[in-house]
Amino acid sequence: MRRVLFLLVFSATLMAESWHEEGLASWYGPGFAGKLTASGEVYNPEEMTAAHKSLPFGALVRVWCRETGHAVVVRITDRGPFVEGRVIDLSRRAAEMLGFLEEGTAHVKVELLAKEGLPQGGEGERVVYLQVGAFRKEANALRLGVRLAEEGVWPEVHRGEDGVYRVVVAAQEEEEARRRLEGMGLLAVRWKPR
């Protein structure tokens with residue numbers, strides 16, 4: 001429970017400051033395909049994922065490449081990079097879309113996609129997770145996650161062992177969160193993190 005609470009408070013702090021980071025990005029080499037990430041997901045080089053040292057798993061970030069001007073949205077599934085001066089490690093597909101696959105590294109800006117933070121749960125306060133979408137295609141889950149972030153709702157995208165991408169939001173006040181989501185035309189069901 002403490003780990004989750006720390007994550008919630010940390011994430012809320014990041015959101016309040018409109019978090020972003022600039023530095024060098026790299027991409028996972030071919031030797032990582034099929035291996036477990038720190039989040040427990042199996043790394044697939046064709047998915048839009050990334051490793052970051054401290055952002056919460058499931059968080060969505062937009063990455064802009066300064067050299068090419070391209071931008072992508074990825075979800076955090078792993079920890080790293082553990083090379084000095086690097087701020088994010090991207091999947092092969094994300095690096096390809098940003099246009100720096102051949103170079104191996106590029107200067108980027110990383111922006112956390114949300115306008116407000118996660119609920120700041122304290123001891124004894126309950127946080128409810130609401131699932132607002134489930135998709136077989138990662139791109140569809142990321143698209144909904146970006147839409148939620150643009151509306152100021154904190155999105156997380158998690159891939160289950162069944163290969164389904166679930167878009168969830170965390171809330172302390174379940175009814176208030178449901179009303180807000182319904183106002184966006186979305187229905188929500190409770191979701192239990194593994």
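Tabulated results
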quantity	calculated
Single residue of Val132, Val164 found to be within 22 Å of Val73 (Cα to Cα), crowded, with 20+ Cβ neighbours inside 10 Å and of a type outside the set (Gly, Ala, Ser)	Val132
Near pairs, Cβ below 8 angstrom, 6+ apart or cross-chain, from the stretch 144-159 (closer than 18 Å to Gly185 by Cβ and in the same structural domain as Gly185 (by TED's automatic domain parsing)) to any residue that is in a strand (DSSP E or B) and of a type in the set (Ser, Thr, Tyr)	none
Residues located in the stretch 66-109, provided they are free of Cβ contacts under 8 Å to residues at least 40 places away in the same chain and polar (S, T, N, Q)	Thr68
Qualifying residues in the stretch 42-63 (those that are surrounded by fewer than 19 Cβ atoms within 10 Å (Cβ to Cβ) and part of a strand (DSSP E or B)) - the one farthest from the chain's Cα centre (by Cα)	Val42
Any hit, the stretch 165-176, residues being in contact with a strand residue (DSSP E or B) (Cβ under 8 Å, 6 or more places away or on another chain), at pLDDT below 85 and in a loop (DSSP other than H, G, I, E, B)	yes
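The values are calculated or read from the model by the stated rules, or taken from the named source; none is laboratory data. What you are looking at is a predicted structure, and each value in this text was computed from that prediction instead of being measured. We place every Cβ from the backbone using ideal geometry, glycine too, and count neighbours over all the protein chains shown.
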